[in-house]
Each structure stands twice: as C-alpha cells, then as structure tokens.
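Following: one structure in structure tokens, then a few remarks.
What follows draws every value from the coordinates through simple rules; no lab data is involved. None of the values given here were measured: they were computed from a predicted structure. Cβ: placed from backbone, ideal geometry, glycine included. Neighbour counts: every protein chain shown.
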Ligand SMILES: Cc1cc2nc3c(=O)[nH]c(=O)nc-3n(C[C@H](O)[C@H](O)[C@H](O)COP(=O)(O)O)c2cc1C
C-alpha cells in the first residue's frame with residue numbers, strides 16, 4: 001500500500017515560481033521527473049512529446065541574453081489579456097500597468113533547469129493519411145471535413161503536450177521544487193536554434209523551468225468554474 005496523495009493540497013499549493021536558487025536539482029533527478037511525466041494521458045496514447053533539457057548554467061545565460069526581449073514580444077498579448085479583465089482602463093493605462101507588472105514579476109531569477117517541450121507529429125500526418133484515403137472509403141462530406149480533422153489532430157496533440165508539461169510541473173511541486181510553465185520560450189524558437197540549443201524543425205510547445213524555489217509566490221485569485229448542469 002502506498003500513502004494516499006494529498007491531492008487537494010498539491011493542486012492548491014502548486015504555484016508558478018519565477019525566483020530560483022542558484023543550486024538546482026541534479027541531472028539524474030531531472031531525468032527521473034521527465035520519465036515520470038510520460039504517464040500523462042495523450043490522444044490515442046500517441047505520447048506526442050519530447051524534451052530538450054537545458055542545464056541551469058545555460059538557462060541562466062539564455063535568460064540574461066534574451067529575457068528583456070522576450071517581454072517586449074509578449075507585452076501586446078499581455079495587454080490584450082488585461083483589456084479583457086479591465087474594460088474600464090484606457091489603452092495607455094493598460095500599457096503602463098502591463099509594463100509595471102512585468103517589471104515586478106516578469107523575470108526569472110536564479111538558475112533553474114529549462115525543459116523545452118516539443119510536439120512530435122500531428123496535423124501533417126493526418127493530412128497525409130486523409131489524402132491517401134481510397135475513394136470508396138470517403139464519406140459524402142469527406143472534403144469539407146478534412147480541414148476540421150487536420151486541426152482536430154493538431155489540437156489533440158497540443159493538448160496532450162500541455163498535459164505532459166503539467167505533469168512535469170506537478171511532479172516538481174510534489175517533490176517540493178519550484179517550477180513554472182512558460183509559453184514565452186516559443187517566441188525564441190529561432191534564436192534557440194541559432195544557438196544550437198534546439199534542433200531545427202522541432203515544434204516547440206512551451207518551456208518548463210524547474211529548480212529549487214528561492215521564495216514562496218503569493219497565491220493569485222481564482223474565479224469559480226462556470227458549470228452548466230444538464231439533466
Ligand atoms: C499554458 C501556460 C502558459 C504560461 N506561460 C507563462 C509564461 O510565459 N511566463 C510566465 O512567467 N508564466 C507563465 N504561465 C504561468 C501563469 O502565469 C500562472 O499559471 C498564472 O499566473 C497563475 O498562477 P499560479 O500558477 O501560481 O496559480 C503560464 C501558464 C500556463 C498554463
């Protein structure tokens with residue numbers, strides 16, 4: 001018998017950490033975390049993921065080099081997000097507010113591992129198989145449904161990779177480590193390729209920073225989930 005997991009505690013206590021110590025978990029520990037995450041569910045059990053694990057020293061160097069630029073790129077998206085939540089604010093106020101927030105909480109401090117999570121395969125494979133479907137196997141609305149089928153498989157893959165990344169994040173949390181799921185790294189795909197960190201042609205889905213937390217982040221508010229009940 002194993003000890004029951006304090007699941008509610010893990011879910012509520014998990015936070016996104018952006019401040020790490022300079023000493024990080026060992027490579028062996030990170031390898032175990034990654035292999036554990038393979039138990040994530042995936043569409044058709046395809047397990048459409050792979051990881052590039054960047055050492056803490058290299059991650060720190062990448063952050064020092066690119067962090068400011070990263071935020072410049074994502075600031076417009078962040079302003080858009082804020083605009084939904086704060087409809088009373090003018091554009092100028094939104095930009096000031098976003099910039100202030102980013103200056104306060106945007107940067108990653110210390111030296112975490114950076115786990116770059118890739119999606120393997122997806123819509124292209126589906127398109128190939130659909131293109132080769134024999135005529136007598138095509139339903140009357142086959143052609144009009146193709147695009148939907150292609151984007152569905154692409155999205156199922158993306159969704160599976162997201163769950164895998166969340167397994168990394170929760171696995172880190174269960175070990176008492178700090179971590180943060182970060183889509184920002186996707187913006188740096190070309191630069192990461194040029195520096196030899198990423199192999200060209202990979203479909204980067206997100207990065208997960210993992211390390212020993214240097215501080216406990218505050219708990220952001222959550223809204224109740226909107227549920228429609230149907231009898
Ligand atoms: C898909 C996804 C992408 C995210 N991207 C980033 C990111 O690029 N940078 C970052 O600092 N945090 C990122 N986060 C973390 C969120 O900002 C964080 O989950 C949210 O503010 C709630 O805080 P909490 O995780 O501590 O509850 C991301 C989270 C998710 C699920």
**OP:** Calculate the all-directions average of the projected area of segment 107-169's alpha-carbon convex hull, and give it in nm².
**Re:** 6.0
**OP:** Could you tell me how many degrees, from 0 to 90 and to the nearest 10, lie between the Cα long axis of helix 56-85 and the main elongation axis, the longest principal axis, of the Cα atoms of the chain?
**Re:** 70
Original post:
Can you give the angle from 0 to 90° between the axis of helix 27-36 and the longest principal axis of the chain, with both taken from C-alpha atoms, to the nearest 10?
Top reply: 40
Original post:
When you count, for each residue, the other Cβ atoms within 10 Å and take the mean per peptide, how do 145-157, 91-103 rank with the highest first?
Top reply: 145-157, 91-103
**OP:** Can you put 124, 231, 136 in order of Cβ neighbours within 10 angstrom, beginning with the fewest?
**Re:** 231, 136, 124
Subject >> Taking 19, 218, 228, 107 and counting other C-beta atoms within 10 Å, the order from fewest to most >> reply: 228, 218, 107, 19
Subject >> Two-decimal log10 I(q)/I(0) for segment 160-211, as the Debye equation yields it once each C-alpha is a single scatterer, q = 0.20 Å⁻¹ >> reply: -0.73
Original post:
Where q = 0.11, 0.13, 0.18, 0.21 Å⁻¹, what log10 of I(q)/I(0) comes from the Debye formula for segment 60-182, counting one point per Cα?
Top reply: -0.66, -0.82, -1.05, -1.16
Original post:
How far, in nm, would the chain grow between residue 195 and residue 216 when pulled straight, counting 0.36 nm per residue and subtracting the alpha carbon separation?
Top reply: 4.3 nm
Original post:
Taking the inverse of the average 1/r across all pairs of different Cα atoms in the chain, what Kirkwood radius in Å do you get?
Top reply: 20.1
Original post:
Taking Cα atoms, how many degrees apart are the long axis of helix 142-174 and the longest axis of the chain, rounded to 10 and kept between 0 and 90?
Top reply: 30
**OP:** Output the peptides 181-192, 108-119 sorted from most to least packed, where packing is the average of other Cβ atoms within 10 Å over each peptide's residues.
**Re:** 108-119, 181-192
Subject >> Alpha carbon centroid spacing (whole Å) that separates segment 118-147 from segment 165-231 >> reply: 31
**OP:** Would you please calculate the Kirkwood hydrodynamic radius of segment 60-122 over all C-alpha pairs and express it in Å, rounded to one decimal?
**Re:** 13.7
Original post:
Using the 10 angstrom Cβ neighbour count as an exposure proxy, how do 7, 71 rank, fewest first?
Top reply: 7, 71
Subject >> Rg/Rg_globular for segment 119-231, with Rg_globular taken as 2.2 N^0.38 Å and Rg from C-alpha atoms >> reply: 1.50
**OP:** Can you tell me the FRET efficiency between residue 81 and residue 52 if r is taken as the Cβ-Cβ distance and R0 is 30 Å, rounded to the nearest 0.05?
**Re:** 0.60
